[in-house]
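Accompanying notes for the structure given below.
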């Protein structure tokens, strides 16, 4: 049996399509995955390696992270979503419009690609992508960062409280004991 965490091993087996059954048995899943720089990129990359090449991936990143992510996936086109916390947001107007732009762009991506699964590793891009993913019938999987040992990230807390994730995984058993709805099935690293 594979050493991949349960959320990697069972993704295709358990979630072989949209909630309305549009995906036929044995077809490749369309998985929309967020990729941002830093440790979360390494965790998402590790998870994709465990999921394997049997799926069609759509990578989404923030404009600030484009070069970093592209260096890890040189042959894959990236889809950009404005990131509400980008360093370029200086004015109040920009800070108010960025979440709206992020929500709009996320909706366009989900509508265009119609993913079976939206997979996010601890990034605030999960909020708009999960919102639209749920509306379009996709399964949503949130994996909290391995750096979150005793407390959820703000994004993780919101995703869990708003029930935006079909599955919410943490990488430390203590977090699963503290938060109802959080599942511990191992680490992605």
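The values are calculated or read from the model by the stated rules, or taken from the named source; none is laboratory data. Predicted, not measured: the structure shown is a model, and the values here were computed from it. Neighbour counts run over all protein chains shown; Cβ positions are idealised from the backbone, glycine included.
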TODO: Go through 96, 175 for me and flag whichever is within 24 Å of residue 50 (Cα to Cα) and outside any strand (DSSP E or B).
DONE: 175
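Can you find a residue in region 1-20 that is modelled with pLDDT of 75 or more and out of contact with any strand residue (DSSP E or B) (no Cβ under 7 Å at 6 or more places or on another chain)? Even if it seems obvious, please write down each step before you answer.
We begin by selecting, within region 1-20, every residue modelled with pLDDT of 75 or more; these are none.
Taking every residue of region 1-20 in turn, none turns out to be modelled with pLDDT of 75 or more and out of contact with any strand residue (DSSP E or B) (no Cβ under 7 Å at 6 or more places or on another chain).
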Open item on the list: Given the criterion outside any helix (DSSP H, G or I) and under 22 Å from residue 41 (Cβ atoms), identify the matching residue among 155, 147.
Closed with: 147
Task: Those residues of region 178-189 which are closer than 20 Å to residue 33 by Cβ and either at pLDDT 90 or above or assigned to a loop (DSSP other than H, G, I, E, B) (or both), in sequence order - done: 185, 186, 187, 188, 189
TODO: Of the conditions (1) at pLDDT 85 or above; (2) in contact with a strand residue (DSSP E or B) (Cβ under 7 Å, 6 or more places away or on another chain); (3) surrounded by 16 or more Cβ atoms within 10 Å (Cβ to Cβ), residue 105 clears all except one; give me its number.
DONE: (2)
TODO: Please go through region 134-156 and pick out each residue that is in contact (Cβ under 8 Å) with a residue 40 or more places away in the chain and within 14 Å of residue 34 (Cα to Cα).
DONE: 141, 143, 145
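Restricting region 124-134 to residues that are touching a helix residue (DSSP H, G or I) at 6+ places or on another chain (Cβ under 6 Å) and buried (at least 24 other Cβ atoms within 10 Å of the Cβ), which is modelled with the lowest pLDDT?
Applying the first criterion (touching a helix residue (DSSP H, G or I) at 6+ places or on another chain (Cβ under 6 Å)) to region 124-134 yields 124, 126, 128-129, 132-133.
If we keep only those that are buried (at least 24 other Cβ atoms within 10 Å of the Cβ) too, we end up with 126, 128-129, 133.
Working: 126: 88, 128: 91, 129: 92, 133: 95.
Residue satisfying both the conditions and the ranking: 126.
Scanning region 47-64 for residues that are touching a strand residue (DSSP E or B) at 6+ places or on another chain (Cβ under 9 Å) and not in a strand (DSSP E or B), which turns out surrounded by the fewest Cβ atoms within 10 Å (Cβ to Cβ)?
Looking only at region 47-64, we keep the residues that are touching a strand residue (DSSP E or B) at 6+ places or on another chain (Cβ under 9 Å), and these are 47-48, 51, 55-63.
Filter once more, so that each one left must be not in a strand (DSSP E or B): 47-48, 51, 55, 62-63.
Details: 47: 22, 48: 21, 51: 21, 55: 17, 62: 23, 63: 13.
Looking at the filtered set, the residue picked out is 63.
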Task: Matching entry among 184, 168 (being more than 21 Å from residue 115 (Cα to Cα) and either in contact with a helix residue (DSSP H, G or I) (Cβ under 6 Å, 6 or more places away or on another chain) or crowded, with 19+ Cβ neighbours inside 10 Å (or both)) - done: 184
Open item on the list: With the structure loaded, tell me whether residue 119 is in contact (Cβ under 8 Å) with a residue 40 or more places away in the chain and either out of contact with any helix residue (DSSP H, G or I) (no Cβ under 8 Å at 6 or more places or on another chain) or under 22 Å from residue 63 (Cα atoms) (or both) or whether it fails that test.
Closed with: yes
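Being without any contact (Cβ under 8 Å) to a residue 60 or more places away in the chain, under 24 Å from residue 55 (Cβ atoms) and not in a strand (DSSP E or B) narrows it down to one of 131, 168, so name that one. Walk me through how you get there before you give the answer.
Working: 168 fails: not in a strand (DSSP E or B).
Only one candidate passes the filter, namely 131.
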